[in-house]
Amino acid sequence: MDYKSLIREIPDFPKPGILFYDITTLLKDPQGYRAVIEDFMAHYRDNKISKVVGIESRGFILGAPLAYNLGAGFVPVRKAGKLPADVFEVKYNLEYGASSLAIHRDAVAMEERVLVVDDLLATGGTAAATVDLLRKLGAEIVGCAFMIELGFLQGRQKIEDCAIHSLMTYD
């Protein structure tokens with residue numbers, strides 16, 4: 001499927017000079033959304049994944065149905081202050097600012113096989129922070145899956161020790 005034809009490009013959002021790739025136009029298309037989940041399924045079906053870790057917030061939209069179809073649990077990685085129990089937290093830089101992420105300390109067991117899912121790999125800061133959190137928990141990271149990769153930002157260099165799978169790349 002030609003996913004790029006289903007994605008709206010919005011210039012100067014969230015600030016001047018940024019070209020935002022709006023996936024809501026793909027998600028509202030039943031065939032497009034189904035194809036994304038099915039393509040991820042085809043890639044990861046035989047990897048014995050026990051947990052899919054979705055990064056707030058669009059990683060939830062992709063990660064939850066993928067976890068369901070893989071017969072795996074779903075674990076949200078959230079912005080700081082959003083999880084109610086004991087957490088690990090990490091601060092990181094974004095392409096246009098700084099942020100922090102948290103995960104429940106009991107979300108993943110030692111050596112549990114996990115897949116990290118998000119909509120976008122840009123500079124790699126968010127993905128690297130998530131991988132760091134999972135390693136603190138002792139997880140075995142099977143891979144990092146993204147709907148979109150902005151190749152020109154070289155984000156994969158920050159998670160080069162993670163097997164990366166992107167459905168589409170913008171160079």
Only one of (1) touching a Leu at 6+ places or on another chain (Cβ under 8 Å); (2) over 22 Å from L101 (Cα atoms) does not apply to Y68, and that is (1)
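If you check I49, I37, which single one turns out to be out of contact with any Gly (no Cβ under 6 Å at 6 or more places or on another chain) and under 16 Å from V108 (Cβ atoms)?
Working: I37 fails: under 16 Å from V108 (Cβ atoms).
Checking each option against the conditions leaves just I49.
Yes or no: region 41-59 includes at least one residue that is polar (S, T, N, Q) and touching a strand residue (DSSP E or B) at 6+ places or on another chain (Cβ under 7 Å).
The answer is yes, given that some residue of region 41-59 is polar (S, T, N, Q) and touching a strand residue (DSSP E or B) at 6+ places or on another chain (Cβ under 7 Å).
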Output for Cβ contacts, cut-off 6 Å, separation at least six or different chains, first residue of a type in the set (S, T, N, Q) in region 54-75, second assigned to a helix (DSSP H, G or I), reads N69/M41
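Are any residues in region 64-121 aliphatic (A, V, I, L, M), surrounded by 14 or more Cβ atoms within 10 Å (Cβ to Cβ), under 17 Å from the mean Cα position of the chain (by Cα) and more than 15 Å from L134 (Cα to Cα), and if so, which ones?
A64, L66, A67, L70, A72, L120, L121
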Sole miss for V131 among (1) under 24 Å from I23 (Cα atoms); (2) assigned to a strand (DSSP E or B); (3) aliphatic (A, V, I, L, M); (4) in contact with a helix residue (DSSP H, G or I) (Cβ under 7 Å, 6 or more places away or on another chain) is condition (2)
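Among the residues of region 134-171, which ones are among the aromatic types (F, W, Y) and assigned to a helix (DSSP H, G or I)? Break it down into steps so the answer makes sense when it comes.
Step one: list which residues in region 134-171 are among the aromatic types (F, W, Y), which gives 146, 152, 170.
Result: F152, single match.
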By residue number, the members of region 7-34 that are loosely packed, with under 11 Cβ neighbours inside 10 Å, more than 20 Å from the chain's Cα centre (by Cα) and free of Cβ contacts under 8 Å to residues at least 24 places away in the same chain are P11, D12, P16, G17, P30
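Can you go through S5, S50, S57 and tell me which one is out of contact with any Ser or Thr (no Cβ under 9 Å at 6 or more places or on another chain), among the small types (G, A, S) and over 25 Å from G143 (Cβ atoms)?
Working: S50 fails: over 25 Å from G143 (Cβ atoms); S57 fails: over 25 Å from G143 (Cβ atoms).
Testing whether each residue is out of contact with any Ser or Thr (no Cβ under 9 Å at 6 or more places or on another chain), among the small types (G, A, S) and over 25 Å from G143 (Cβ atoms) leaves just S5.
Hey, can you tell me all the residues within region 122-138 that are among the aliphatic types (A, V, I, L, M), closer than 27 Å to M168 by Cα and more than 10 Å from the chain's Cα centre (by Cα)? It would help to see each step written out before you state the result.
Within region 122-138, the first condition is being among the aliphatic types (A, V, I, L, M), and the residues that meet it are 122, 127-129, 131, 133-134, 137.
Add one more test, that the residue is closer than 27 Å to M168 by Cα, and what stays is 122, 127-129, 131, 133-134.
A122, A128, A129, V131, L133, L134 - these are the residues of region 122-138 that are among the aliphatic types (A, V, I, L, M), closer than 27 Å to M168 by Cα and more than 10 Å from the chain's Cα centre (by Cα).
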Expected output for region 98-113 (first residue in a loop (DSSP other than H, G, I, E, B), partner charged (D, E, K, R) and crowded, with 16+ Cβ neighbours inside 10 Å, Cβ below 8 Å, 6+ apart or cross-chain) is A107/K51; V108/K51; E112/K51
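Read the figures in this text as sums done on the coordinates, not as results from a lab. Remember, it's a predicted structure, so these values are computed and weren't measured experimentally. Here the Cβ is made from the backbone with ideal geometry for all residues, glycine too, and neighbour counts use every protein chain on show.
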